[in-house]
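Let me begin by presenting the structure, written as structure tokens, before commenting on it.
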Amino acid sequence: MSYDKFEQTGLAGPHEMSTCLPSEEQRKKGPYAVIECFEEIPCNPCVMSCTFDAILPFEDVNSLPLVDFDKCTGCAVCAGICPGLAIFIVDESKPGDFGTLRLPYEYWPLPEKGQTVMALSREGGDVEPVEVVAISNVKGARTPLVTLRLPKDKLQDIRGFRFLSEEEQAALKDDTEAEKTADIESLESPIVCRCEGVTLAEIRDLIAAGCHTVEEIKHLSRAGMGPCQGRTCRQIIMGELMRAGIGKTEDMPPGSFRPPGGTVTLGQLAEGGDSDA
Amino acid sequence: MRKTADVVIIGAGISGLAIGVHLAKKGVKDIVILEKTFPGNGATGRCGAGIRMQWGVELNCLLSKFSVEYFENVNEILKNDVDVEFWQGGYLIGAKDELEAEQFRKNVTLQNSLGIESSYLSPEEAKDMMPHLDVSHIKAATFCGRDGHLNPFKTVEAFVKAAMDLGIDIEKNTIVTGIEKTGGRVSGVKTDKGDIKAPIVVNAAGGWSKQMAELAGADLPVYSRRHQILVTEPVEPLQSAMFMGFGLNIYIQQVPHGPFIMGRGDADEPTDLRMTSSWKFLNDMAETVTTLMPRLARLKVVRQWAGLYNMTSDAQPIYDEAPEAKGFYHACGFSGHGFMLAPATGQLMSELILGETPSIDISSLGIDRFKGDMLLPLESSVV
């Protein structure tokens, strides 16, 4: 995506954006206003609306707004009031991979909280389906603000959204379900021995191949050789042996129990010296 | 279970399996391997599974060289694709004192003369190779990069697969209760699952080989001593080579998936077929290893176990037909090296049984050597 043709397209590019974003450190403090206003026109509601004096005073009514990010609280009053819909409230201060974007939206109907909408780039192209997490009206402002949950790396690229068509909604639902099914299918067989990552399928294959004791299965699969020494898998394997008709679990040799039975370091053992206490 | 067989092998450890596989490859048809529990559950599955060509006695060098070359081509030989995890990171062997260092010089000369590419190292050179080793405890070292270790379970699996592909019957959970003789010749084996008639019976029972020999009325000058071993939690790769010391009394390796496995010998260990674990071993092992490798003090022990060394008085194996029972063959007394010698055992025993000229002269490994003054030079390169 290229923004270097602001003159021709009116789309903010890296140069324009470099004038309206806070420092890395300021971004971490909390929400902030991004004022994407790059044309000198006689317009000053933003600077007049800010109760924190966070938008620097204009030299004249044609001045471009500049934000003092040390003062900006991301309160969003300016965003609701800007007649050019040029102000966005970005919050990337929370931990994790997601942040929020509050953008002015002046059409009816408004989306609903929790609805999935298609996020749009500055050019208006589809980016990806995203979730609406809030709709708000700032007191004294005319334009409602819609809050989208976005991956942090897309917070400065997405500047709009559109509703999904019925077909898109249906497709999305199918995708989600297909994804869920795929997740289950791609999951390997359940893990029986967590220390050594041995699956139920492996255990069953070994039983089918003639391994009819816990100990044989341990030798060939490593199930039970890890730090916990078979605390979980031993019973599961015995259960599987019983299911395979090898015998009752109470009659089965449970396999070896190896000392020391708890994790102790070589250093501790060496220091133990000759004490037999 | 079959009622008759051409050959019955007692013991499905690595030795018995290798003998069976080699006999079958030579065309012997009806082979049954009898196993008290399941393959590899004796010393085979309990050992460190190391293999080295650095020995002090010529025959051991030759036998282990044969085995290294065999394991390097094991999938081709056994015709299957089981990954036996043969890790050839070498063996670094440390000399505790001047006397041992002097012996090591001789060993390296001998090894080199047999085509084994080992080298004699100063403690500083050993340090470069193994930075976590406190070389103030060694006077010298030797190293051979083709030595290494395998996964014993996987190796057993590879031999079991090969055996089954060759039509060998492996009878698990079958206890040998008697060995029948007719006119000084072995004629069959009695088990708790039935009897098998067979003109040839091989005693590959490892720790229990003396008891099997007794069933045939044969005297076998071996005894079994418990040896213990422990394994730690897995950690990032730190040590590529196996480190070993005879005077230092240790062998320690880091296996491919991360844990350290280590063992040591103890003359006070019981010789009554016990395979229990002792606190003393944990204590002694920890002291030995943390002295030599202080960095490992923080490693947690996951478990310890024990197996049996089937010992002879010269620490070398017995490959022979029992004088008391024709057709009854011994492949035992490996003295802690049965795993690494198994390929040679398979090859040489199959040749011995079939009356072929052995690939390596093993006439000195007969049972008669224990009767008079024909004992072999004692192999001192043992833990």
Cα centroid separation - segment B:5-42 against segment A:62-95, whole Å: 82
Partner chain coverage, peptide B:273-285 - average Cβ within 10 angstrom: 3
Summed residue charge, Cβ within 11 Å of B:R146's Cβ, Lys/Arg positive, Asp/Glu negative: -2
Listed residue pairs exceeding 26 Å between alpha carbons, taken from B:K210/B:K280; A:K218/A:K248; A:K28/A:K173; A:K218/B:K190: B:K210/B:K280; A:K28/A:K173; A:K218/B:K190
Tilt relative to chain B, helix B:279-292 - C-alpha long axis, 0 to 90 degrees, to 10: 40
Nearby lysines by direct alpha-carbon distance to A:K5 (threshold 21 angstrom, same-chain neighbours under 8 apart not counted): A:K154
Net charge contributed by nearby residues that have their C-beta within less than 9 Å of A:A54 (K/R +1, D/E -1): -2
Exposure proxy order (Cβ contacts within 10 Å, fewest to most) of B:I9, A:I89: A:I89, B:I9
Residue of B:T155, B:T357, B:T345 that the Gaussian network model of chain B assigns the largest fluctuation, springs spanning Cα pairs under 10 Å: B:T357
Efficiency of FRET between A:K152 and A:F257 - r from beta-carbon atoms, R0 41 angstrom, step 0.05: 0.25
Residue-averaged beta-carbon neighbours from other chains (10 angstrom radius) around B:300-308: 6
Exercise: per-residue mean of other protein chain Cβ atoms within 10 Å, B:221-228: 0
Phi to ³J(HN,Hα) by Karplus 6.51 cos²θ - 1.76 cosθ + 1.60 over segment B:187-203, Hz, x for Gly, Pro: 10, x, 10, 9, 9, 6, 10, x, 9, 10, 7, 7, x, 10, 10, 10, 8
For the protein assembly as shown, convex hull volume per residue from C-alpha positions, Å³: 254
Ranking of B:F143, A:F88 by count of other Cβ atoms within 10 Å, fewest first: B:F143, A:F88
Rounded to 10°, Cα long-axis angle of helix A:166-186 versus longest principal axis of chain A: 30
Ranked by how many other beta carbons lie within 10 Å on average, peptides A:223-234, B:294-305 from highest: A:223-234, B:294-305
Dipole axis of segment A:191-260 (+1 Lys, Arg; -1 Asp, Glu on Cβ), positive-most option in A:M252, A:T199, A:M242: A:T199
Candidate aspartates and glutamates - alpha carbon under 13 Å from B:K96, same-chain residues fewer than 8 apart omitted: B:D134
Exposure proxy order (Cβ contacts within 10 Å, fewest to most) of B:Y319, A:Y107: A:Y107, B:Y319
Computed over chain A: relative contact order in percent, which uses C-alpha pairs under 8 Å that are six or more apart: 11
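Every read-out reported here was derived from the displayed coordinates using simple, explicitly stated rules and does not represent laboratory data. Given the structure is predicted, the values throughout are model-derived calculations rather than measurements. Note that we place each Cβ from the backbone using ideal geometry, even for glycine, and neighbour counts take in every protein chain shown.
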